[in-house]
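Structure, as structure tokens:
The values are calculated or read from the model by the stated rules, or taken from the named source; none is laboratory data. Computed from a prediction, not measured in an experiment: that's the story for all the values here. Cβ placement follows ideal geometry from the backbone for every residue including glycine, while neighbour counts extend to all protein chains displayed. When the accessible area is computed, the model is the full protein with side chains, heavy atoms only, and any ligands, DNA or RNA have been set aside. Shrake-Rupley method; radii C 1.70, N 1.55, O 1.52, S 1.80 Å.
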Amino acid sequence: MIFAVLLGTTKSFGIQESIDTGEVAIEIPEVELTGLTFSFENEKDTSTLKPFDFGTLSISWDSTNSHYQSIVFQYRQKGDEQWLLTNEVENNYATEIINLPENTLFEYHIGARENGDLHFNKTTSIFNTYSESLFENHSSKGKEEAAKLNWAIELDKLNELLTVYPNASYIVKYNTKIGKKQNEAMPEKSPWVTIKDISINKVGLKLKELAGGEKYVYKVGIQLTPEMEPVWSKEGKFETERSWGVFRTLILIGALGMFIFGMKIMSEGLQKAAGSRLRNMLASITSNRFKGVLTGFGITSVVQSSSVTTVMTVSFVNAGLMTLKQSVGVLMGANIGTTLTAWLILFFGFKVDISAYALVLIAIGAPMLFFSKGTIKIWASVIIGFALLFMGLGFLKESVPELGVDSALVQFFIEYKDAGFFSTLLFIGLGTLVTVIIQSSSAAMALTMAMVGGGVLPFEVAAAMILGENIGTTITAQLAALIGNVHAKRAARVHAFFNVIGVLWCIFVFHWFLQLIGVFIKGDPFTDPEAANLGLAVFHSAFNIANVLVLIWFVPKLVFLAEKSVRSKGSADEEFHLDYIGTGMMGTPDLSILEAKKEVAKFGSITARMSGFIQTLLVEQNKKKRTKLHDKIAKYEEITDRVEIEVANYLAKVSSGDMTEETAHRIRSMNSIVNDLERIGDIFYQMAKTIERKDDQKIYFLPQQRQSLQEMFKLVDKAFDIMVNNLENAWDGGISIDPALDAERSINSKRDEMRKEHLENLSDETFNMESGMIFNNLFSSCEKVGDHIINVSEAICGNID
């Protein structure tokens with residue numbers, strides 16, 4: 001039997017055992033060459049050092065079975081008719097054949113000259129010029145303590161090869177990068193791991209039980225016969241991933257964090273870019289619930305966050321800018337709008353590798369941050385946020401573990417996915433929990449789709465988790481409403497009812513729903529991950545649209561349930577709380593100003609009420625009622641102090657963001673207004689203490705004094721009415737300062753008149769001096785209240801001291 005050996009750096013090729021061709025000219029002994037080898041080497045382009053598709057075949061042997069004068073080879077490409085001859089060479093020598101095509105099979109006869117005659121063996125043998133280029137391509141991908149190898153041989157070459165070597169098989173060998181170097185020095189120390197007898201029909205192999213985080217090298221070969229040396233590919237390399245643990249978990253959390261951070265930046269930028277247009281959209285809402293749905297859908301589509309829309313809606317209900325019934329339509333529309341995120345992820349996150357262009361987007365957006373024009377800076381944050389969002393999505397796809405069918409987690413999902421009603425509830429609960437933890441239904445959706453794409457989650461499990469994510473997203477509105485008024489709590493409760501009821505009815509038709517989706521999309525979502533992600537996007541949209549179409553007719557019932565489940569504790573409970581800015585800042589200064597404006601208007605009404613308390617206190621004779629009035633005035637004074645601090649802090653937060661000059665001016669005006677209103681509360685409290693001292697000392701006013709004070713308070717009340725009206729319509733245009741100035745002049749005129757009256761009384765020896773001092777204190781305090789009232793109206797009109 002003849003073996004092929006490796007000569008130097010050349011490729012070595014074997015010889016198949018001879019087969020009978022019937023070509024017999026004369027009866028002569030067969031020529032036998034011992035140590036016969038065929039070695040093929042590609043010719044190279046000296047300018048590029050790249051091999052050509054042809055090369056030189058070197059033939060050598062050690063000795064023959066007889067003393068022939070010379071040796072010659074007759075050869076031809078398998079399938080050709082014409083034979084070609086090599087040069088005759090002396091025995092115990094070698095010969096070469098140049099310009100042979102590589103990766104080709106050849107037939108040959110051994111010939112010899114004896115006694116002047118040239119004769120050839122009667123049998124035909126085969127040699128080949130296979131080289132590493134036989135493998136058109138091979139690739140590898142490192143996985144978690146494993147790797148996936150792929151290779152390919154041109155089909156025509158493979159079929160031709162199998163006609164001669166029908167028992168051929170693939171062979172793979174691999175080693176660590178360090179182990180390879182050690183093997184070169186000491187072969188026995190770090191031997192290559194070899195996997196033999198791989199079916200010729202395979203085009204890939206998964207290597208398992210490798211070291212995590214290690215660099216490996218490998219070669220793919222083809223074993224033509226057991227006796228021949230394999231034909232090896234070029235050396236490839238891969239790096240394995242570490243097993244799932246704390247480090248990989250942190251990477252997953254970091255990827256999710258980048259996704260959420262990018263979405264937050266993009267969402268805030270879009271809100272700022274939309275600015276007053278968002279406010280106008282909300283302002284245009286009527287009692288038409290269908291218009292509310294379109295509004296909610298439009299806002300969520302713009303800001304790419306249903307949480308922003310729901311929190312904004314709850315805040316506006318809290319601020320009295322829309323009714324509870326109007327808010328229901330907006331919340332329904334937000335649920336439809338959030339389904340766009342799934343389509344965005346599907347088309348741009350999975351089908352188009354946006355992350356590859358993310359740095360280009362950041363390169364465009366980053367210089368825009370240094371522009372002085374606010375609009376350009378806002379759009380810069382939108383572009384950068386968009387880039388970060390999809391970078392995060394790219395990292396998310398890479399960091400999600402690619403678990404095999406045998407893994408415990410995948411087996412858990414497979415085991416329980418067909419458990420009927422129980423499995424649906426189980427995975428709905430899991431989706432709810434995930435969304436509550438990461439506080440973003442969009443991020444939960446991205447994580448779910450990434451796990452489906454990685455083959456971790458079956459389609460049915462992911463669809464059930466999406467239902468749970470619809471419930472989980474309601475937690476954001478619930479948290480926003482915790483410190484809001486009863487109306488805000490009811491709006492958040494409506495949102496929860498809407499989503500929970502929708503999930504409940506969907507549970508009963510869940511499996512039919514999924515089967516119906518499978519009919520309308522290309523591919524089988526139950527077996528194909530790509531089709532599964534498309535199915536999830538369709539399911540998410542179809543469910544939310546269907547839920548709106550079903551429940552929009554029951555808006556009054558939802559409102560009724562919310563009112564019954566969130567009961568008011570009475571007007572006193574709501575009266576002394578911040579009703580309008582308790583839910584936190586809105587996305588933009590323009591929207592935040594709306595809430596602050598409502599709170600300041602309410603603040604004005606509170607201080608106006610204190611005037612009535614003082615007037616009642618002046619004439620009240622019942623001691624218990626007087627005590628209650630003193631307590632109420634003291635409580636109101638505390639409220640004015642707290643409201644001033646809360647509103648001032650809120651406005652300070654608003655002013656820390658980017659804003660227009662007009663918004664900045666309004667914030668300065670509001671700060672001035674709350675300061676004046678707080679001073680009014682202090683003055684009324686001091687007036688109450690003065691009246692308390694008068695009653696304790698049993699000091700009485702003259703009838704003329706009582707009448708003058710009552711007239712003064714009527715003028716103050718008129719000024720309050722003008723001020724409160726101006727606050728409620730502040731900065732909406734059409735505010736005139738003239739009525740406020742007239743009221744101020746009337747108060748000053750009355751003050752002058754009462755002062756003259758007081759001075760005249762002082763000249764009367766029978767006049768009670770202590771009564772006169774209290775009288776002077778009260779009307780002077782009323783005039784001071786009038787000064788602060790006019791300051792408020794002037795601040796609204798832009799005149800700030």
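Has the stretch 307-329 got at least one residue that is at pLDDT below 65, more than 30 Å from residue 557 (Cα to Cα), out of contact with any Leu (no Cβ under 7 Å at 6 or more places or on another chain) and part of a helix (DSSP H, G or I)? Looking for residues that are at pLDDT below 65, more than 30 Å from residue 557 (Cα to Cα), out of contact with any Leu (no Cβ under 7 Å at 6 or more places or on another chain) and part of a helix (DSSP H, G or I), one finds none in the stretch 307-329, hence no.
The residues of the stretch 606-647 that are over 18 Å from residue 684 (Cα atoms) and either buried (at least 17 other Cβ atoms within 10 Å of the Cβ) or touching a residue at least 40 places away in the same chain (Cβ under 8 Å) (or both), listed by number, are 646, 647.
Of all the criteria given as (1) part of a helix (DSSP H, G or I); (2) surrounded by fewer than 16 Cβ atoms within 10 Å (Cβ to Cβ), the one not satisfied by residue 764 is (1). Report whether or not residue 141 is closer than 14 Å to residue 231 by Cα, among the charged types (D, E, K, R) and at pLDDT 85 or above. When the stated conditions are applied, residue 141 does not pass them. The selection criterion, being surrounded by fewer than 20 Cβ atoms within 10 Å (Cβ to Cβ) and under 33 Å from the mean Cα position of the chain (by Cα), does not hold for residue 204. Summed over the stretch 745-769, the residues that are under 19 Å from residue 714 (Cα atoms) and not hydroxyl-bearing (Ser, Thr, Tyr) give a count of 10. For the stretch 221-239, the count of residues that are in a loop (DSSP other than H, G, I, E, B), touching a strand residue (DSSP E or B) at 6+ places or on another chain (Cβ under 8 Å) and farther than 30 Å from residue 163 by Cβ is zero.
For the stretch 433-442, the candidate set comprises residues that are assigned to a helix (DSSP H, G or I) and surrounded by fewer than 24 Cβ atoms within 10 Å (Cβ to Cβ); within that set, the residue that is modelled with the lowest pLDDT is 438. If you take the residues of the stretch 668-684 that are surrounded by fewer than 21 Cβ atoms within 10 Å (Cβ to Cβ) and more than 19 Å from residue 744 (Cβ to Cβ), which of them is modelled with the highest pLDDT? That would be 682.
Closer than 22 Å to residue 234 by Cβ, touching a helix residue (DSSP H, G or I) at 6+ places or on another chain (Cβ under 8 Å) and among the hydrophobic types (A, V, I, L, M, F, W, C): is that true of residue 153 in this structure?
For residue 153, the condition - closer than 22 Å to residue 234 by Cβ, touching a helix residue (DSSP H, G or I) at 6+ places or on another chain (Cβ under 8 Å) and among the hydrophobic types (A, V, I, L, M, F, W, C) - is met.
If only residues of the stretch 69-79 that are free of Cβ contacts under 8 Å to residues at least 60 places away in the same chain and in a loop (DSSP other than H, G, I, E, B) are counted, the one that is nearest to residue 111 (Cα to Cα) is 69.
Within the stretch 338-356, is there a residue that is open to solvent by 40 Å² or more (accessible area, probe 1.4 Å), modelled with pLDDT of 65 or more and within 17 Å of residue 559 (Cβ to Cβ)? For the stretch 338-356, residues open to solvent by 40 Å² or more (accessible area, probe 1.4 Å), modelled with pLDDT of 65 or more and within 17 Å of residue 559 (Cβ to Cβ): absent. Look at the stretch 133-155: where a residue is under 15 Å from residue 215 (Cβ atoms) and open to solvent by 70 Å² or more (accessible area, probe 1.4 Å) and a partner is basic (Lys, Arg) and assigned to a strand (DSSP E or B), sitting 6+ places away or on another chain with Cβ atoms under 7 Å, you get 141/148.
Condition check: on the phi > 0 side of the Ramachandran plot and surrounded by 15 or more Cβ atoms within 10 Å (Cβ to Cβ). Does residue 214 satisfy that? Against the criterion (on the phi > 0 side of the Ramachandran plot and surrounded by 15 or more Cβ atoms within 10 Å (Cβ to Cβ)), residue 214 does not qualify. Among the residues of the stretch 96-109, just one is over 23 Å from residue 30 (Cα atoms), open to solvent by less than 20 Å² (accessible area, probe 1.4 Å) and of a type in the set (Val, Ile, Thr), namely 104.
Residues checked against (1) under 30 Å from residue 241 (Cβ atoms); (2) assigned to a loop (DSSP other than H, G, I, E, B); (3) open to solvent by less than 50 Å² (accessible area, probe 1.4 Å):
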residue: 40; (1), (2), (3): no, no, yes
residue: 49; (1), (2), (3): no, yes, no
residue: 53; (1), (2), (3): no, no, no
residue: 58; (1), (2), (3): no, no, yes
residue: 67; (1), (2), (3): no, yes, no
residue: 81; (1), (2), (3): no, yes, no
residue: 111; (1), (2), (3): no, no, yes
residue: 126; (1), (2), (3): no, no, yes
residue: 130; (1), (2), (3): no, yes, yes
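For the stretch 767-786, what are the residues that are open to solvent by 10 Å² or more (accessible area, probe 1.4 Å), polar (S, T, N, Q) and in a helix (DSSP H, G or I)? Hits for the stretch 767-786 are 776, 777, 780, 781. Among the numbered criteria (1) surrounded by 16 or more Cβ atoms within 10 Å (Cβ to Cβ); (2) more than 15 Å from residue 148 (Cα to Cα), which single criterion is violated by residue 238? Result: residue 238 fails condition (2) only.
Within the set 722, 747, 789, the sole residue that is surrounded by 20 or more Cβ atoms within 10 Å (Cβ to Cβ) and either farther than 19 Å from residue 687 by Cβ or free of Cβ contacts under 8 Å to residues at least 12 places away in the same chain (or both) turns out to be 722. Filtered by the rule that a residue be at pLDDT 75 or above and crowded, with 21+ Cβ neighbours inside 10 Å, the stretch 241-264 gives 241, 255, 262. When you scan the stretch 511-532, do you find a residue that is under 22 Å from residue 443 (Cβ atoms), open to solvent by 10 Å² or more (accessible area, probe 1.4 Å) and modelled with pLDDT under 85, even just one? Scanning the stretch 511-532, I find at least one residue that is under 22 Å from residue 443 (Cβ atoms), open to solvent by 10 Å² or more (accessible area, probe 1.4 Å) and modelled with pLDDT under 85, so the answer is yes.
In the stretch 578-601, the qualifying residues are those that are at pLDDT 70 or above and open to solvent by less than 30 Å² (accessible area, probe 1.4 Å), and the one that is nearest to residue 728 (Cα to Cα) is 601. If I ask for residues that are polar (S, T, N, Q), open to solvent by 30 Å² or more (accessible area, probe 1.4 Å) and not in a helix (DSSP H, G or I), which ones from the stretch 160-197 would you list? Listed by number, the residues that qualify are 167, 176, 194.
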